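The values are calculated or read from the model by the stated rules, or taken from the named source; none is laboratory data. This structure is a prediction, so every number in the text was calculated from the model and none was measured. We place every Cβ from the backbone using ideal geometry, glycine too, and count neighbours over all the protein chains shown.
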Amino acid sequence: MKALAIYAGPQAKQHLALHGLSASDVGVIPAAAGGPKGLILGPLDRFMFNEWLPTSQQPVDLVGASIGAWRMATACLPDSSAGLLRLEHDYIHQHYELKPGEKFPSAHQVSDSFRENLDLFYGGLVEPLLNHPRFRLHVLASRGKGLLQQEHPILSPLGYGGAFLSNLISRKAMGASLERVVFSSAGSLPFGTQDYATRHLPLTSSNFMDVLQASCAIPFVLKAVHNIQGAPMGAYWDGGITDYHLHLAWNKQPERTASLVVYPHFQKAVIPGWLDKGLKWRHKATAFLDNTLVLAPNPEWVKTLPNGKLPDRTDFATYGQDLQARVKVWKAATSASQQLADEFADWLQKPNMDSVQDL
């Protein structure tokens, strides 16, 4: 394999050595926050949800934050293949006209546009999505507490400053400022919650749009979503703030230990929270990931993509109002990423443990 790298925790690696990997082994599929980086996983998503998983019958928990929540919600659509292709197209072609003197669109403008697109994307399809016969959808959002309980031009930056400082002490300490909220279409959570302040609530047709928008509401880029139906009062932001890459206690639910966590990701490191990006000591795998298999692009292959990197949010600034140039670069990257899906499909036919690295 040249494009795809496979990383496995010790329990997952032992399972692969003894049994290989079949679709029936999959119990959980996580999907990280990370903005445009998630585009690189489109072909893998389409292969997994439309070719591989249909060969099995067990229930699967889909857990997502931010763009990951958008991906996993789309995987629950009746026609997920068309939906995932449309998601890729819509994300690549998003564009915001700037007013004179503006360098970036306002948070109001981005939020209004995003909500309009969500309504168009999922309109009339929320009920079948939430009642998928196999997939249980779990969407993460971050609920503000204290100074972050309501969005405010002065108090919110101060609140996030406090969250950053408390997070330096420990992730658990940040729970005084930001609560992990998981909205689920059905079932119990597929991970333990002893690591961080967590609230578990129903995901319904009445709150679905607000929840998905909140999960994607990057602070200061989009507006927070306030007062979600069926949830405590307050401001809800991007689920990636508390759980950037979903470094969760997947193996802490005894009734689920027979299932693997199969994680299409855009890198090896599974970073716990958004504020941990610069804290390298928190980027290493822990026992939480013992039963996890990460499928990620090989860093050497990434160097062959346009600009030698994955699509990311800096591209919005790099290309500015030149939509065609950004679209060309992102489409080239997503087209190249078909190799990830092809190599995974080939590996499933002939699993080679020499290709599996320690997570």
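Annotations for the structure displayed:
- Meets criteria (in contact with a helix residue (DSSP H, G or I) (Cβ under 8 Å, 6 or more places away or on another chain), modelled with pLDDT of 95 or more and closer than 21 Å to residue 225 by Cβ) for residue 66: yes
- Residues located in segment 275-290, provided they are in contact with a His (Cβ under 8 Å, 6 or more places away or on another chain) and closer than 15 Å to residue 191 by Cβ: 286, 288, 289
- Filtered by the rule that a residue be buried (at least 23 other Cβ atoms within 10 Å of the Cβ) and small (Gly, Ala, Ser), segment 37-64 gives 38, 42, 64.
- Of the candidates 309, 303, 284, 277, the single residue that is touching a Phe, Trp or Tyr at 6+ places or on another chain (Cβ under 8 Å) and without any contact (Cβ under 8 Å) to a residue 60 or more places away in the chain is 277.
- Yes/no for residue 301 being closer than 16 Å to residue 267 by Cβ and either of a type in the set (Phe, Trp, Tyr) or over 23 Å from the mean Cα position of the chain (by Cα) (or both): yes
- With respect to the stated conditions, residue 153 is within 30 Å of residue 173 (Cβ to Cβ), in a loop (DSSP other than H, G, I, E, B) and out of contact with any strand residue (DSSP E or B) (no Cβ under 9 Å at 6 or more places or on another chain).
Here is a yes/no grid of residues against (1) crowded, with 19+ Cβ neighbours inside 10 Å; (2) part of a loop (DSSP other than H, G, I, E, B); (3) in contact (Cβ under 8 Å) with a residue 24 or more places away in the chain:
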| residue | (1), (2), (3) |
| --- | --- |
| 188 | no, yes, yes |
| 194 | no, yes, yes |
| 200 | no, no, no |
| 205 | no, yes, yes |
| 212 | yes, no, yes |
| 217 | yes, yes, yes |
| 231 | yes, yes, yes |
